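Right, one structure below, let's go through it.
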Amino acid sequence: MSSDLVVEADDTFSTKHVEPLSGQFAVVTGAGSGIGKSVTRALAAQGATVVLIGRTRAKLDATAALCRNSENCSILPADLSSDQELDKITAELEYRFGELHILVLSAGEMACGHFSSAPVEMFDRLYQTNVRANFRLVQSLLPLLKRSHKFPGQIVFVNSSVALSARANVAQYSAAQHALKALADSLRSEVNSDGIRVLSVYPGRVATPRQESLYRNEKIEYRPEILLQSEDVASVVLNALTLPRTAEVTDITIRPFAKSY
């Protein structure tokens, strides 16, 4: 696996010697915070031209400002639950680049609640944002991913460990994430023959603002130092993306090393 990524003590990304993604166009959704933010910085550090997609322009601007080669970063604020905005994204990428090499799907929402009392409206919302929006975006961008022969396409679904093992109080979220896993698995079977690699990543609890809010709602002490860091997930994603084309990583499960019992 690639060893070019270095995570320094000040939480910045840098490179040694080479930029293995130089010349490649990448799109990262959910780039304004958490895992999406760290993946964006990792891709930019390796020479990729990165388009940052998210709902909040200020957060996207902040991510781009932190990126090495920030001049190669651009932002597209959008609500991916809107078909109209999804179509605008596709048209803009077609106009700007004409092809796409890396698509990282890190946007989504999370909700918890007892099965007996969780509002069905939240279940609908999770399906809309975590499943349908990703389906529509991949479907729209597949022609761009298939177009390049110099850099064959790669798609990364940033999923969750609850997609693999549901537990109490997360039925609606776990169901949505399991559906996302099914999309990725089926897609892989269809597009491998086009030279496109598809990876699903299943992190455990990651120290992100969303996770902090979850801990607060659960009335549990939030200890980010014992959780996964978003840079940890970005590192394994980058390693998978830079593997030789003789290999494909299909599924990565990553969890915090320190356990809270």
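Throughout, read-outs are computed from the coordinates displayed, never taken from laboratory work. Every value quoted in this text rests on a predicted model; they were computed, and no experiment measured them. Cβ: placed from backbone, ideal geometry, glycine included. Neighbour counts: every protein chain shown.
What you get for the chain, charging only the Cβ of Lys and Arg (+1) and of Asp and Glu (-1), is a dipole of about 280 debye around the Cα centre.
Rounded to the nearest Hz, the phi-derived 3J(HN,Hα) couplings of segment 153-168 under the Karplus curve 6.51 cos²θ - 1.76 cosθ + 1.60 (θ = phi - 60°) are x, 9, 10, 10, 9, 7, 9, 7, 4, 6, 5, 9, 8, 6, 9, 4, where x marks glycine and proline. For the chain, modelled as a GNM with alpha-carbon contacts under 10 angstrom, which of K59, K219, K88 fluctuates the most? Taking springs between Cα atoms under 10 Å, the residue moving most is K219.
Between D61 and D83, residue separation times 0.36 nm minus the direct Cα-Cα distance comes to 5.6 nm.
Take every DSSP beta bridge whose two residues both sit in the chain, then give the antiparallel share in percent to the nearest 5. Let's see the in-between values first.
Numbers: 3 of 31 bridges.
Antiparallel bridges: around 10 percent, rounded to the nearest 5.
For the chain, the 222 nm mean residue ellipticity estimated from helices alone, with every DSSP H stretch of n ≥ 4 adding -39500 (n - 2.57) and the total spread over all residues, rounds to -12000 deg cm²/dmol. Return one number: the angle in degrees, 0 to 90 and rounded to the nearest 10, between the long axis of the Cα atoms of helix 34-45 and the longest principal axis of the Cα atoms of the chain. With both axes taken from Cα atoms, the answer is about 20 degrees.
Residue by residue, segment 121-129 carries 3J(HN,Hα) couplings of 4, 5, 4, 4, 5, 5, 4, 5, 8 Hz when phi is fed to the Karplus relation 6.51 cos²θ - 1.76 cosθ + 1.60 (θ = phi - 60°); x denotes Gly or Pro. Taking a point 7 Å out from the Cα of E225 in the direction of its Cβ, the residues of segment 234-261 whose backbone N falls within less than 20 Å of it are 256-261. Fewest neighbouring Cβ atoms within 10 Å first, the residues R255, R197 line up as R255, R197.
Name the residues whose placed amide hydrogens come within less than 5 Å of the amide hydrogen of G113, ignoring near sequence neighbours (fewer than 5 apart) on the same chain. Excluding prolines and chain starts, which carry no amide H, the hits are V170, A171.
With Cα atoms defining each centre, segment 160-175 and segment 41-112 are spaced 27 Å apart in the structure. Across segment 5-254, how many lysine pairs separated by 8 or more positions, or lying on different chains, have Cα atoms within less than 25 Å? Lysine pairs meeting both conditions in segment 5-254 amount to 8. Projecting label points 7 angstrom from Cα along Cα→Cβ for M122 and S189 puts them 3.3 nm apart.
Springs join every pair of Cα atoms under 10 Å in this Gaussian network model of the chain, and among A240, A58, A176 the largest mean-square fluctuation is at A58. Dividing the Cα radius of gyration of segment 73-215 by 2.2 N^0.38 Å, with N the residue count, gives 1.11.
Spin-label pair L164-L243: with each label point 7 Å from Cα along the Cα-Cβ axis, the two points sit 1.4 nm from one another.
Helix 83-96 and the longest principal axis of the C-alpha atoms of the chain enclose an angle of approximately 20°. Out of N72, L228, V162, whose Cα points farthest toward the positive end of the dipole of the chain (charges: +1 Lys, Arg; -1 Asp, Glu; placed on Cβ)? Value: V162.
Counting every pair of alpha carbons in segment 26-85, the share spaced more than 18 Å apart comes to 22 percent. In whole angstrom, segment 5-254 maps to an equivalent ellipsoid with semi-axes of 27, 21, 18, each derived as √(5λ) from the alpha carbon gyration tensor and ordered largest first.
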